[in-house]
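Participant: Quick one: this structure, given as structure tokens, is what I'll be asking you about.
The values are calculated or read from the model by the stated rules, or taken from the named source; none is laboratory data. Note that this is a predicted model, so its numbers are computed, not measured. Every residue, glycine among them, receives a Cβ derived from its backbone with ideal geometry; neighbour counts consider all protein chains shown.
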Amino acid sequence: MAKENLKLNDFKLLKKFYRYIKPYKKWIIFSVLAIPFSTVAALLLPWLLVKIIDDHLMSGDINGLFYLISVFAAAVVMGYLADSVYTYALQKAGLMGIYDLRKDLFEHSLLLSRSYFDKTPIGITLTRLTSDLEALGESLATGVLSLFTDTIKAVALLVLLFYLSWELTLVVLILFPPVYIITKKLQQKLRKYFNMSRSAWAESTAYLQECLNGMKTIQLYAAEEQTYKQICLRNGNFYRAQIKANFYDAILYSVIDGATSVAVGITLWYGTRQILSEAITVGILVGFINTLYKIFIPVREFTQHISVIQRALSALEHVNELFEQPEEDEKSTFCNFEHNDLTNFQSIVFEDVFFKYKQEEEPWILKGVSFTIKKGDRLAIVGATGSGKC
């Protein structure tokens, strides 16, 4: 049930982000149009390789070889151009969407209630507006759509593998279930530690901002050593969370890389036996291995996109938390006098004043406070920490 809720929450977060990408969907459409060219190029290369080896190199026939090599070169160029257009268009849509999101988030921050700023360190809000948005800008849109593209490429290449040799393909597919299970487990770990990393970074930034603003007070009370220890503690929390996230990220990449090597080894072993029994040709074996490397490229990139998306979704959760903070919708009722009376008043009277923040569980800050401030008087309000307002 928890996993279902996680997926549902992720979908809701992405849906909220999509409204910022929607105005620039023409760039996404432009990038999608490049996908068929990239996929065709990926399929053409191994197929041409089989033709070149079996029809020309093995038989010693060079007639038509130049034509096939020319088509091979053209397919390589088409693939690179298609991938370049695809990447540029996606990044442009993503960056423009983040630009609009940053403007809306800052506008919302200007309208937040006073109680929010009283309870929330400025550094945390600053992190939401800077590093969290930067994590989104790293390519949430690119990562999400790239997962779709990688899936199309992987399926197309898998069909080509079956076309070249269905027996070899079935042997290699034995590796996919364990790789999928391991990838799923590592994905969950990544999300967990990316969340911890973002939270730890926000706390560290918030505390550092408070220390810099209050440096005179820290030096006045000789609190440098205590402050240094607190900074080290918060930086340590971020370091440990980030190290664990990087650890699982590296394992995720290594699993796919290792699976590729194992798959190639199995293909060489079983494919050699089939060549000796004349079930397949040398060209088919070489083309099959070439396709196998290509099919693991989108799978490897798939895991990288998962890593990027997990980091971005973690940041998006924090950004969404700031968006969900209520805006200021009430006016102060402590003072109720006309603008024209400001220069003529003789005193300000507080009669039985109660005050607390909006949350029901919060205690009363002021309870039944009554006092009078005469014109020319100065009042100092001091809290438990010794700080206050005059």
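Participant: Residue under question is Phe247, and the condition is that it be modelled with pLDDT of 85 or more and within 30 Å of Thr291 (Cα to Cα); does it hold? Quick ask: steps written out before the conclusion?
Facilitator: Numbers: modelled with pLDDT of 85 or more: yes; within 30 Å of Thr291 (Cα to Cα): yes.
Yes, satisfied.
Participant: Of the residues Ala241, Ala222, which single one is in the same structural domain as Phe117 (by TED's automatic domain parsing), of a type in the set (A, V, I, L, M, F, W, C), on the phi > 0 side of the Ramachandran plot and free of Cβ contacts under 8 Å to residues at least 60 places away in the same chain?
Facilitator: Numbers: Ala241 fails: on the phi > 0 side of the Ramachandran plot.
Unique residue meeting the criteria: Ala222.
Participant: Which one of these is out of contact with any strand residue (DSSP E or B) (no Cβ under 6 Å at 6 or more places or on another chain), modelled with pLDDT under 85 and aliphatic (A, V, I, L, M): Leu220, Leu268, Leu233?
Facilitator: Just a single option satisfies the conditions, and that option is Leu220.
Participant: Name every residue in segment 146-161 that is of a type in the set (Ser, Thr, Tyr) and surrounded by fewer than 19 Cβ atoms within 10 Å (Cβ to Cβ), in order of residue number.
Facilitator: Quick first cut of segment 146-161, residues of a type in the set (Ser, Thr, Tyr) only: 146, 149, 151.
Across segment 146-161, the qualifying residue is only Thr151.
For (1) touching a residue at least 40 places away in the same chain (Cβ under 8 Å); (2) surrounded by 12 or more Cβ atoms within 10 Å (Cβ to Cβ), each residue gets a yes or a no:
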residue	(1), (2)
Phe30	yes, yes
Tyr67	no, no
Val71	no, yes
Ile98	yes, yes
Leu105	yes, yes
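Participant: When the residues of segment 271-295 are narrowed to those that are closer than 30 Å to Leu147 by Cα and among the hydrophobic types (A, V, I, L, M, F, W, C), which ends up surrounded by the most Cβ atoms within 10 Å (Cβ to Cβ)?
Facilitator: Per the criteria, the residue is Phe288.
Participant: On to the next question. Which is under 20 Å from the mean Cα position of the chain (by Cα), in contact (Cβ under 8 Å) with a residue 12 or more places away in the chain and either in the same structural domain as Ile295 (by TED's automatic domain parsing) or surrounded by fewer than 15 Cβ atoms within 10 Å (Cβ to Cβ) (or both), of Ala263, Ala202, Ala250?
Facilitator: On the way: Ala263 fails: under 20 Å from the mean Cα position of the chain (by Cα); Ala250 fails: in contact (Cβ under 8 Å) with a residue 12 or more places away in the chain.
Criteria check complete, one pass: Ala202.
Participant: From Lys103, Lys189, grab the single residue that is within 28 Å of Tyr253 (Cα to Cα) and either charged (D, E, K, R) or not in a helix (DSSP H, G or I) (or both).
Facilitator: Going through Lys103, Lys189 in turn, just one is within 28 Å of Tyr253 (Cα to Cα) and either charged (D, E, K, R) or not in a helix (DSSP H, G or I) (or both): Lys189.
Participant: Sticking with this structure for a sec: Regarding segment 47-64, can at least one residue be identified that is polar (S, T, N, Q) and assigned to a helix (DSSP H, G or I)?
Facilitator: The answer is no; no qualifying residue exists.
Participant: Also, I was wondering about something else. Does Leu164 count as touching a residue at least 60 places away in the same chain (Cβ under 8 Å), under 21 Å from Leu292 (Cβ atoms), of a type outside the set (S, T, N, Q) and surrounded by fewer than 17 Cβ atoms within 10 Å (Cβ to Cβ)?
Facilitator: Against the criterion (touching a residue at least 60 places away in the same chain (Cβ under 8 Å), under 21 Å from Leu292 (Cβ atoms), of a type outside the set (S, T, N, Q) and surrounded by fewer than 17 Cβ atoms within 10 Å (Cβ to Cβ)), Leu164 does not qualify.
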